[in-house]
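Engineer: One structure, as structure tokens, below. Some questions next.
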Amino acid sequence: MDSILVKGNGPLRGTIPIAGAKNACLALMPATLLSDEPLTLTNAPRLSDIKTMTQLLQSLGAEVTSMQGGQVLALSSHDLMNLTADYDIVRKMRASNLVLGPLLARAGRAVVSLPGGCAIGARPMDLHIAGLEALGAEIELKDGYLHAVAPKGLKGAVIEQRFASVGATENIVMAATLAKGMTVLKNAAREPEIVDLVACLRAMGAQIEGEGTGTITIEGVDRLHGATHRVVSDRIELGTYMIAPAIAGGEIELLGGRRALLGSFCDKLEEAGVHIEETKAGLKVAHATGRVKAVNVKTEVFPGFPTDLQAQMMALLCTAHGTSVLEETIFENRFMHAPELMRMGAQIDVHGGHATVTGVGKLKGAPVMATDLRASVSLILAGLAAEGETLVRRVYHLDRGYERLEEKLAGVGALVERIKEE
Ligand code: UD1
């Protein structure tokens with residue numbers, strides 16, 4: 001298993017290109033299942049999660065060809081040979097459940113394994129199930145698999161989600177594109193990845209309105225056709241690299257970044273004293289070497305502070321002047337990075353869904369263990385601002401979500417090196 005060695009090296013300067021969004025791409029790829037014509041995705045990120053989704057779609061009979069080093073994905077689902085998403089793939093990546101809605105809509109049947117345990121919380125699928133049942137599907141749990149059928153086809157309905165789940169919104173919207181009549185999804189997720197998925201579905205001929213608001217209306221059509229779509233920039237990669245100059249000092253321009261993708265995250269960084277400027281090419285982020293101010297952070301659905309940037313923000317606040325309180329409202333167990341940061345000298349007190357962080361001047365390098373995707377990158381960011389060396393173990397988590405991380409950070413002057421282990 002590879003490790004990453006980080007040496008604190010002072011201010012960072014230069015540019016970092018932001019890749020296409022992992023989470024958008026993972027929803028866009030299953031959209032191929034809705035049509036027998038080809039779907040081409042450009043600006044795809046080169047990540048292991050994308051390979052996992054490729055394998056899953058191929059196991060269903062889709063053709064997925066990766067071109068231009070993985071930045072272009074040509075997908076075609078002319079014939080679906082298999083309607084079962086196997087446990088062996090789904091357990092690796094929860095987003096595999098995004099094939100459920102499209103398969104059901106196109107083939108009238110789907111069998112999808114439940115994802116099972118996940119490091120950051122229980123993450124049930126009740127909202128996906130309730131939404132698809134409202135569209136007329138019959139869903140039964142057998143042997144750890146959801147068996148879904150829509151014997152009379154799907155029918156539009158009015159659905160109100162108890163929580164604005166990103167994945168459930170994606171599954172329901174995709175399924176509703178081919179349902180008979182109109183679907184109104186209330187309390188829909190408003191994340192930029194939803195807006196991107198709808199733009200692609202619309203290019204495929206779907207009739208959808210209201211994306212980016214709390215109510216999405218879908219008028220079902222008989223069939224969808226092929227399309228080419230460019231994947232939106234990855235706002236979580238963007239936010240992560242915005243923290244790098246905030247924690248280590250310096251100035252970085254993030255190419256392809258836009259403030260609108262990040263909701264209240266930018267406001268919080270500014271409140272902490274970090275300078276953010278929109279440029280023609282992206283976002284420029286600058287901070288003089290020195291400690292940021294403590295700020296309180298509460299994770300919320302978009303446009304609130306993203307849960308996927310909570311660990312990275314915690315790393316920054318570990319070095320702030322004063323005491324910050326971070327509240328996690330989306331996932332129940334998402335502070336596993338706290339004990340690892342404490343190994344680097346951070347002062348953190350976790351109590352339920354809150355973490356109180358008392359800023360210390362300097363963190364100290366230490367061997368630490370990555371527990372999930374965003375937790376791992378928070379340890380790398382902490383290492384950028386620490387005295388001495390930080391060795392982050394189990395970085396396979398990172399490869400799920402950050403393309404060429406060492407290269408991108410080295411490009412702005414960080415001392416970051418991958419240590420390959422057999
Ligand atoms: C997506 C993102 C993930 C991000 C999360 C929240 C992808 C591939 N992943 O995950 O990176 O952290 O949004 O922004 O896009 N829930 C239920 N029942 C359900 C579904 C969800 O109770 O049927 C709960 C979950 O347990 C969790 C909360 O809702 O507590 C948020 O989950 P959801 O918005 O569905 O996240 P994902 O789509 O899984």
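Engineer: What does a probe at Glu389 reach in segment 1-18, counting residues whose amide N is under 12 Å from the point 7 Å along Cα→Cβ?
Structural biologist: Counting backbone N atoms under 12 Å from the label point, the list is 4-8.
Engineer: To continue, here is another question. Can you list the lysines whose alpha carbon sits under 25 Å from that of Lys420, skipping same-chain ones fewer than 8 residues off?
Structural biologist: Answer for Lys420, where 25 Å is the Cα cut-off: Lys7, Lys22, Lys51, Lys92, Lys364, Lys408, listed by chain and number.
Engineer: Right, something else. With every protein chain present, what is the per residue accessible area of the chain (1.4 Å probe, Å²)? Each step should come with its number before you reach the end.
Structural biologist: Working: 16050 Å² over 422 residues.
Using a 1.4 Å probe on heavy atoms only, each residue of the chain averages 38 Å².
Engineer: Shifting gears a bit: By how many degrees, 0 to 90 and rounded to 10, does the Cα axis of helix 373-384 deviate from the longest principal axis of the chain?
Structural biologist: Orientation of helix 373-384: about 20 degrees from the principal axis.
Engineer: Taking 8 Å as the Cα distance limit and 6 or more residues as the minimum spacing, I'd like the relative contact order of the chain as a percentage. Please report the intermediate quantities before stating the final value.
Structural biologist: Working: 1076 pairs, mean separation 88.9, N = 422.
Contact order relative to length: 21 percent.
Engineer: Oh, and also: Between 0 and 90 degrees, rounded to the nearest ten: what's the tilt of helix 166-177 against the longest Cα principal axis of the chain?
Structural biologist: The two axes meet at around 30 degrees.
Engineer: While we're looking at this one, here's another question. Could you work out the local net charge near Asn23, counting Lys and Arg as +1, Asp and Glu as -1, over the other residues with Cβ closer than 13 Å to its Cβ? Show your work: numbers first, answer last.
Structural biologist: Working: positive: Lys22, Arg94, Arg235, Arg374, Arg400; negative: Asp49, Glu170, Glu191, Glu193, Asp196, Asp234, Glu237, Asp308.
Surrounding charge for Asn23 is -3.
Engineer: Per-residue HN-Hα couplings for segment 95-102, Karplus 6.51 cos²θ - 1.76 cosθ + 1.60 at θ = phi - 60°, whole Hz, x for Gly and Pro?
Structural biologist: After applying 6.51 cos²θ - 1.76 cosθ + 1.60, I find 4, 4, 5, 6, 7, 4, x, x Hz.
Engineer: Calculate what fraction, in whole %, of the accessible area of the chain sits on carbon and sulfur atoms when a 1.4 Å probe is rolled over the protein chains.
Structural biologist: On the way: 8020 of 16050 Å².
Ligands and nucleic acids excluded, carbon and sulfur reach 50 percent.
The values are calculated or read from the model by the stated rules, or taken from the named source; none is laboratory data. Nothing here was measured: the structure is a model prediction, and the numbers come from that model. FYI the Cβ positions are ideal-geometry reconstructions off the backbone, even for glycines, and counts take in every protein chain you see. Quick note on the areas: whole protein, heavy atoms, side chains included, nothing else; ligands and nucleic acids left out. Shrake-Rupley method; radii C 1.70, N 1.55, O 1.52, S 1.80 Å.
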